[in-house]
Amino acid sequence: MADDEQEDQKEYRWETGYEKTWEAIKDDEDGMLDGAIAEIIQKAKRQRQAQKTKQNRLGMMRHMFVVLDCSESMSVPDLKPTRLRCTVKLLELFIEEFFDQNPISQLGLIALKAKRAEKVTELTGTSRVHLKALESLANVSLTSEPSLQNGLDLALKSLKVVPSHASREIVIIMGSLTTCDPVDINLTIDELKKEGIRCSVISLSAEIHVARYLTQQTMGTFGAVLDDAHFRDQLMSQVDPPPAAKTQHNSLIRMGFPHTKNEVEGKDAPLSMCMCHIENLEEPSELTTTGHHCPQCNSKYCELPVECQSCGLTLVSAPHLARSYHHLFPVPNFEELPFEAMPASSSDFTSDVRECYGCAKALGQGVDKVADKVVFRCGFCKQFFCVDCDIFIHDTLHACVGCNTIPGVDGLVYQQSSKSDQVDAHPGPSKQRGQFAM
């Protein structure tokens, strides 16, 4: 008995793993507790969407370094199983989402180990390279303290040579409360501010003054996580492109649209090696007939987007540009209405069923009866959606389903201009179908 009590005292309550605390929640006769829980869940789902604001200028071509703390403090088990393993898992999700929403951007990884900074991956637009590097970071030995200044200097050295029209960012994930720097870190912060590099910090422990000061000087964001769910929200908030910096210049950018060679003079394309793997010792280039050929120098590459190593031309595809376009003209937030304000759906066999226009789910029935107390209506096509379709439209699809499927609805006028009183443009069906395919 005494041994059991000693084992229980080894961990605080907030250090233990997740328990099934929801099983202790029982609804009363009126179901008021379920209603409160459903309301909290809905607000949590729409929190990221509500925080979005329309910007006139955004940094669309992003060059970002993620600086990861690999010091002894990352072995603390307050985030299960440890801070490092939890961070690696969330970074895998972040990288996939980042390149999905920012296909013409580039990302790099820097690890802070034993008061030194090590560049794990260079700036590249291939998510596969970063995901493979994260697998090796999950088993790294955690010792000593981090050096925030060394990590910033290493990222600054690479971002300095990035063209001025690109957005340059650094996202720092810190688990330690201290930093061991060689000289005054304020010199590095002043240099980052001068170069217009935006720095954001996510602290896994508590608020740190130097980290808060860094984000204030560079117009970044600072957040201290509460748990793994809050950590995920903080990390995913870095997916959307930030407002363009004042030092960011407007200029025309040369881009190439590669072509494929399936046949040459009636014969199969010749075997050739791709430039992206020709110097890679771990994954050497192989002789293949398929690939993307640069329109300027005819070099071959496996994946897009990429910067041509021979001529320096940025190679992209048309869908990549289209998917980057939706950040400038986001779908306006739908109007939140009570379920009773929704009219019954027209049907031959029933007249009292209310359906979501997106997923055709019957609202206010079955297990989702409590969760469907609130519905969302588009201000253009006047169609009603459930909370899941509302989030899917704004975060993933980036186009209203009703505005793109109902003939004669001018639902895409929000993408013409923000000057609402003078909008008289009526896009045709072909343009509507093109926008829906972004």
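The values are calculated or read from the model by the stated rules, or taken from the named source; none is laboratory data. Since the model is a prediction, treat every value here as computed from it, not as a measurement. Virtual Cβ from ideal backbone geometry, glycine too; neighbours counted across all protein chains shown. These accessible areas exclude ligands, DNA and RNA; they are computed on the full protein's heavy atoms, side chains included. Shrake-Rupley method; radii C 1.70, N 1.55, O 1.52, S 1.80 Å.
Among the residues of the range 70-106, the ones that are in a helix (DSSP H, G or I) and open to solvent by 50 Å² or more (accessible area, probe 1.4 Å) come to 9 in all. For the range 107-143, the set of residues classified as touching a residue at least 60 places away in the same chain (Cβ under 8 Å) and within 21 Å of C86 (Cβ to Cβ) consists of L137, V140, L142, T143, listed by residue number. Kindly check whether there is at least one residue in the range 195-210 that is buried (at least 19 other Cβ atoms within 10 Å of the Cβ), farther than 22 Å from C70 by Cβ, among the small types (G, A, S) and modelled with pLDDT under 95. Scanning the range 195-210 turns up no residue that is buried (at least 19 other Cβ atoms within 10 Å of the Cβ), farther than 22 Å from C70 by Cβ, among the small types (G, A, S) and modelled with pLDDT under 95. Just give me the residues in the range 334-379 being open to solvent by 80 Å² or more (accessible area, probe 1.4 Å) and either modelled with pLDDT under 65 or of a type in the set (A, V, I, L, M, F, W, C) (or both), in sequence order. If the condition is that a residue be open to solvent by 80 Å² or more (accessible area, probe 1.4 Å) and either modelled with pLDDT under 65 or of a type in the set (A, V, I, L, M, F, W, C) (or both), then S346, D348, F349, S351, D352, V367, K369 are the ones that fit.
How many of the residues in the range 245-284 are in a loop (DSSP other than H, G, I, E, B), farther than 21 Å from L313 by Cα, over 28 Å from the mean Cα position of the chain (by Cα) and at pLDDT below 80? Result for the range 245-284: 8.
In the set (1) under 19 Å from S200 (Cα atoms); (2) open to solvent by 10 Å² or more (accessible area, probe 1.4 Å); (3) hydrophobic (A, V, I, L, M, F, W, C), the condition left unmet by L109 is number (2). When V331 is tested against (1) open to solvent by 30 Å² or more (accessible area, probe 1.4 Å); (2) out of contact with any strand residue (DSSP E or B) (no Cβ under 6 Å at 6 or more places or on another chain), exactly one condition is not met: (1).
Within the range 184-239, the set of residues being of a type in the set (S, T, Y), part of a helix (DSSP H, G or I) and out of contact with any Asp or Glu (no Cβ under 8 Å at 6 or more places or on another chain) comprises Y213, T215. Is it fair to say L148 is closer than 21 Å to E92 by Cα, assigned by TED's automatic domain parsing to the domain that holds F231 and touching a residue at least 24 places away in the same chain (Cβ under 8 Å)? Judged against the criteria, L148 is not a match.
Of D227, D190, D233, all but one fail to be at pLDDT 95 or above and more than 20 Å from G108 (Cα to Cα); the exception is D190. Residue selection: S317 satisfies the criterion of being within 23 Å of S105 (Cβ to Cβ) and either modelled with pLDDT of 75 or more or outside the structural domain of C400 (by TED's automatic domain parsing) (or both). Selection of the range 161-182 for residues being in a loop (DSSP other than H, G, I, E, B), under 23 Å from the mean Cα position of the chain (by Cα) and aliphatic (A, V, I, L, M) yields V162, A166.
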